[in-house]
1. Among the residues of region 52-73, are any within 16 Å of ligand 1 (Cβ to nearest atom) and under 13 Å from Val7 (Cα atoms)?
2. Out of contact with any Pro (no Cβ under 7 Å at 6 or more places or on another chain) and small (Gly, Ala, Ser): is that true of Gly175 in this structure?
3. What are the pairs, 6+ residues apart or on separate chains, where a residue within region 25-40 that is outside the structural domain of Ile150 (by TED's automatic domain parsing) and near ligand 2 (Cβ under 8 Å from one of its atoms) has its Cβ under 7 Å from a residue that is outside any helix (DSSP H, G or I) and aromatic (Phe, Trp, Tyr)?
4. Under the condition of being hydrophobic (A, V, I, L, M, F, W, C) and surrounded by fewer than 14 Cβ atoms within 10 Å (Cβ to Cβ), which residue from region 161-209 is modelled with the lowest pLDDT?
5. Quick one: is Pro223 within 26 Å of Trp34 (Cα to Cα) and more than 8 Å from ligand 1 (Cβ to nearest atom)?
6. How about region 89-109: which of its residues are among the small types (Gly, Ala, Ser) and over 20 Å from Asp151 (Cα atoms)?
7. For region 83-103, give me each residue that is surrounded by fewer than 21 Cβ atoms within 10 Å (Cβ to Cβ) and closer than 11 Å to Ala27 by Cα.
8. Among (1) away from ligand 2 (no atom under 13 Å from the Cβ); (2) in a loop (DSSP other than H, G, I, E, B); (3) over 21 Å from Arg141 (Cβ atoms), where does Pro63 come up short?
Amino acid sequence: MTQTYRVTIEPLGKEIDCRSDQSVLDACLRAGVWLPHSCTHGTCATCKAEVLDGEVEHGDASPFALMEFEKNEGKALLCVACPRSDLTIEADVDVDDDVPVHPVEDFTGTVVVLQDIATDIRRVVVELDRDLAFNAGQYMRFEVPGAPGIDRTYSMANVPTEPRHLEFHIRRTPGGICTDGWVFGALQLGDPVRLSGPFGRFVLRTTRPEPAVLIAGGTGLAPIMSMIRHALENEASDNHLTLYQGARSRDFLYDVEVFRRLAAQYPERFSYRPCLSEESADGFASGLVTDVLAEEHATLQGRVAYVCGPPPMVDAALRVLMAKRLFPRDIYREDFFDAGDKASGGVKSPLIKR
Ligand SMILES: Cc1cc2nc3c(=O)[nH]c(=O)nc-3n(C[C@H](O)[C@H](O)[C@H](O)COP(=O)(O)OP(=O)(O)OC[C@H]3O[C@@H](n4cnc5c(N)ncnc54)[C@H](O)[C@@H]3O)c2cc1C
Ligand code: FES
């Protein structure tokens, strides 16, 4: 039987209710209490916190993200830990005043666009039942129909000023439950979807004055597109932005014309470097996006960076950025962890902001 427990969050001293079948993080985010998180699937360790009092069920925590000795020391991953008694937790609450907190809510929606935009990449636009308040760069969790208890996370590519129509860029993972099994299989225009959000702290920092480099691998472009469009079209920030967009070949690179148009429209504000690692083509840099970035900058001191994509690409970008004299506090990143990464371990340096 589902029970409800009282959770006290220190050092805030706030108290919220959490059901026994609900993660502590979910309860906090729905109550408007922001706690650090990234993957929301027990993979990245960003939400690791101390359970000062009470019992939790650790749920589906990756053994790479939460070691056995850490459980014994009273640590838990709040995105997958459910209460088994009233709790007191101590979390690393590091609220950025420049990032508004939008409580997580449940939504239903209808698929109104389903478009193949590159090899194995689909644009999916969902019209929601009501407006969603979110920050550029955040993501939603989709329930996967026919797979009870399974959900997957996808980042919005649209801007917060389009609160009713959410755009997603979804890459097919061979054998993947959500993508191969649903988005690239059964999903049709007009289908209903159930989703919740917004989640994540990989968001455009509108108060940072430094020029920014934004590095996107594959569908890691989605949250970065939201940030760039928000900065330029909604004048959310006025620093210079340079986008490095990487893919293997032209077939895998999408929305190139969108960014070329933005670069032509905002020549003082935005530069665009599409990169192909396995093909040469006019108008495209040759090489891995991270190698092109490294070649083009003797130093990146004085900038901020946003990185998003598959974990190996994000790791490679972090190495380049730090070698080019960026500090962890200047780097914002989001790894598109999947179930395979969770099984094989994918915990990254806690030094880097998520
Ligand atoms: C914060 C965040 C935002 C994201 N945003 C996007 C986005 O905007 N666009 C996007 O395309 N993706 C995004 N992702 C990735 C997305 O959430 C899914 O992980 C991805 O689409 C794969 O889902 P799936 O159900 O199709 O595959 P899954 O069923 O999860 O499988 C993924 C891979 O893992 C393998 N696997 C599964 N279980 C195991 C196991 N036990 N052991 C070993 N291997 C296993 C599978 O064979 C497959 O290769 C994001 C991820 C995160 C964390
Ligand atoms: S947010 Fe909990 S482990 Fe990633």
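The values are calculated or read from the model by the stated rules, or taken from the named source; none is laboratory data. These numbers were taken from a predicted model, which means no experiment stands behind them. Using ideal geometry, Cβ is built from the backbone for each residue, glycine included, and neighbour counts are taken over all protein chains shown.
1. Scanning region 52-73 turns up no residue that is within 16 Å of ligand 1 (Cβ to nearest atom) and under 13 Å from Val7 (Cα atoms).
2. It is true that Gly175 is out of contact with any Pro (no Cβ under 7 Å at 6 or more places or on another chain) and small (Gly, Ala, Ser).
3. Close Cβ pairs (under 7 Å, with a partner that is outside any helix (DSSP H, G or I) and aromatic (Phe, Trp, Tyr)) amount to His37/Phe199; Cys39/Phe337; Thr40/Phe199.
4. The extreme case among them is Ala186.
5. For Pro223, the condition - within 26 Å of Trp34 (Cα to Cα) and more than 8 Å from ligand 1 (Cβ to nearest atom) - is not met.
6. Correct list: Ala91 only.
7. Across region 83-103, the qualifying residue is only Pro103.
8. (1)
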